[in-house]
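Here is the structure we will look at.
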Amino acid sequence: METERLGENRTDELMKKNDDPPVLCGTDFSAIATEAVDIAAAMARRLETSLVLVHVDELLGALTSNPVLLEAATSQRRSDLDDEAQRLRNLGTSVEEKFLSGSVSEELATTANKFKARLVVLGAVGHTLARRLFLGSVAERTAETSPVPTLVVRPGGRLMSWIRGKHPLKILLGYDFSATSDAALSWVNELGKVGKLETTILYTNWPPDEARRFGYEGPLPLAANPEEIQKNLERDLKKRVAKKFLSKQKVTAIVEPGWGTPEGYLFEMASRQKIDLMVVGTHQRRGLGRVLLGSVSRAVLHHAKVSVAVVPPAKTATQNLTASK
């Protein structure tokens, strides 16, 4: 292919001229990690920026006590990283590779901060209990500590075909009128510069809370907002969306009253509308704060069957996917 023949020249040119924030991707060389790497590389090429490819050696030293075996295993991992980086360069991607040791989530967050990355991309593990408990928390911990948005790729999705321009990306964004939700809204707005989007904004609410907030004293339906409150919420949501989204994007704003958890409504709508990507903001709560107040983003990451993007508060990072363009 022409792209492959020109890969090395294009990589050299991008390395020289590109000062834009890179895309960062972590890999453990598994099949889903490779899928995530390919998506991250395609996004980087689309944005004419570079890719920082990271492998973190977290458990190898602890599991291999024999120095000779440890050296051989480390050498193999470094070779795997070199091979993966070269494969991407052959496709025209500007790549900087990093072989690190320590906690995966901490090293990814630190590297994202060092390179002022615009995005961290990771592959999600499967849904079996053992793998989710042991490895699934890597994505969760990364999203809770990363200064930039984290994209967690589920296998078999349509992100790659979207980047190639074959169809719009169907996005579901959970919204609650908070600063973190506004950060997520702004990030999705910038994502539209990679490809066409069809976005649904979902605000779920508990009717008694809204009735108190609006000073409503009339009869309260069991699982619905009074008509005037529903209209006010829909008006406010559409106004907020209009300020943040490009006019060319297809956006649907929905207010859904009910008694369930926000993530429950998100999962139900994602299934009903065959969503490609779920997007949520995160307060990045830790410890007792997360236990007492809960974490919608962690629940979505833990249970979603589609790819998920988690966006931290805007003050933690530059979240413009096309910064300096």
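Some notes on this structure:
- Under the condition of being at pLDDT below 80 and surrounded by 15 or more Cβ atoms within 10 Å (Cβ to Cβ), the residues counted in the range 253-289 number 3.
- Residue, nearest to LEU202 (Cα to Cα), within the range 158-183, restricted to residues that are small (Gly, Ala, Ser) and in a helix (DSSP H, G or I): SER181
- Residue tally, condition crowded, with 17+ Cβ neighbours inside 10 Å and closer than 28 Å to ALA299 by Cα, over the range 212-243: 6
- Residues that are without any contact (Cβ under 8 Å) to a residue 60 or more places away in the chain and buried (at least 16 other Cβ atoms within 10 Å of the Cβ), drawn from the range 92-105: GLU97, LYS98, LEU100, SER103, SER105
- Only one entry in LEU129, LEU135 is more than 27 Å from ASP20 (Cα to Cα), exposed (fewer than 15 other Cβ atoms within 10 Å of the Cβ) and either among the aliphatic types (A, V, I, L, M) or at pLDDT below 90 (or both), namely LEU129.
- Remark: pairs (first residue in the range 37-53, among the acidic types (Asp, Glu); second residue open to solvent by 10 Å² or more (accessible area, probe 1.4 Å) and not in a helix (DSSP H, G or I); Cβ separation under 8 Å; 6+ apart in sequence or on different chains) = GLU48/ASN18; GLU48/ASP20.
- Residue, most open to solvent (accessible area, probe 1.4 Å), within the range 64-91, restricted to residues that are outside any helix (DSSP H, G or I) and over 17 Å from ALA36 (Cα atoms): SER65
- Scanning the range 186-205 for residues that are modelled with pLDDT of 90 or more, closer than 19 Å to VAL306 by Cβ and not in a strand (DSSP E or B) gives TRP187, VAL188, LEU191, VAL194, GLY195, LYS196.
- For LEU100: the one exception among (1) of a type outside the set (D, E, K, R); (2) more than 17 Å from the chain's Cα centre (by Cα); (3) modelled with pLDDT of 95 or more; (4) assigned to a strand (DSSP E or B): (3)
The values are calculated or read from the model by the stated rules, or taken from the named source; none is laboratory data. Only a predicted model underlies this, so the values are computations on that prediction, with no experimental measurement involved. Note that we place each Cβ from the backbone using ideal geometry, even for glycine, and neighbour counts take in every protein chain shown. Just the protein is used for accessible areas: all its heavy atoms, side chains included, with ligands, DNA and RNA removed. Shrake-Rupley method; radii C 1.70, N 1.55, O 1.52, S 1.80 Å.
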